[in-house]
1. Quick one: order 63, 68 by neighbouring beta-carbon count within 10 Å, fewest to most.
2. State the label only: which of (1) 46, 31, 30; (2) 57, 34, 32; (3) 59, 37, 26 corresponds to Cα extents along the principal axes in Å computed from the shown model?
3. What order do you get for 81-91, 100-110 when each peptide is scored by the mean count of other beta carbon atoms within 10 Å, highest first?
4. Please say if region 42-123 is rounded, prolate or oblate, where rounded means a/c under 1.5 for a ≥ b ≥ c the square roots of the C-alpha gyration tensor eigenvalues, and otherwise the choice is prolate for a/b larger than b/c and oblate otherwise?
5. I need to check one value: relative contact order of region 71-143, counting alpha carbon pairs closer than 8 Å and at least 6 residues apart, in percent.
6. For residue 56 and residue 110, compute 0.36 nm times the residue count separating them, minus their Cα-Cα distance, and round to one decimal in nm.
7. Any number yet on Rg/Rh for region 94-136, C-alpha, Kirkwood?
8. Between residue 39 and residue 22, with labels modelled 7 Å along Cα→Cβ, what's the label distance in nm to one decimal, could you check?
């Protein structure tokens, strides 16, 4: 059984919709747009533009990271502990921007994740979702060589 340990460094990117909503709720209270914490949090959670803007910012930051690490955009990902069956696997993919990178990598469900970049330019991602609520789903992504189209 493969077990993954959290890297020693701090994550360079984090996606956590609860944290995003809590930060926005605090701002709404400070600006006087909400009477209390519960109202502020509810307003923040209903604001789809908030999450869209946060996602665009995160994927823009990720685009910078992956463009620096691997301008060609070919990647190989290993996953351990995937989903409720704790599967492992490998996937080759091409991604030139952060949004495409995440769509190719993560399951199509609501996720919370932490992304780390190691000194050897390996990307490590710890993912949490309904089938992996404890964060045991780990991705290791490395630059790959170009492969011809089939």
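1. Sorted ascending by nearby Cβ count, the order is 68, 63.
2. The calculated read-out lines up with (2).
3. 100-110, 81-91
4. It is oblate, given that a/c is not under 1.5 and a/b is not larger than b/c.
5. That works out to 35 percent.
6. Full extension of this stretch gives 17.9 nm more.
7. With Rh from the inverse mean 1/r over Cα pairs, Rg/Rh is 0.99.
8. Roughly 2.2 nm, to one decimal.
Here, each number is a calculation from the coordinates, and none is a lab measurement. Worth saying up front: this structure is predicted, and the values here are computed from it rather than measured. A quick note on method: Cβ atoms are made from the backbone with ideal geometry, for glycine too, and the neighbour counts reach across all protein chains shown.
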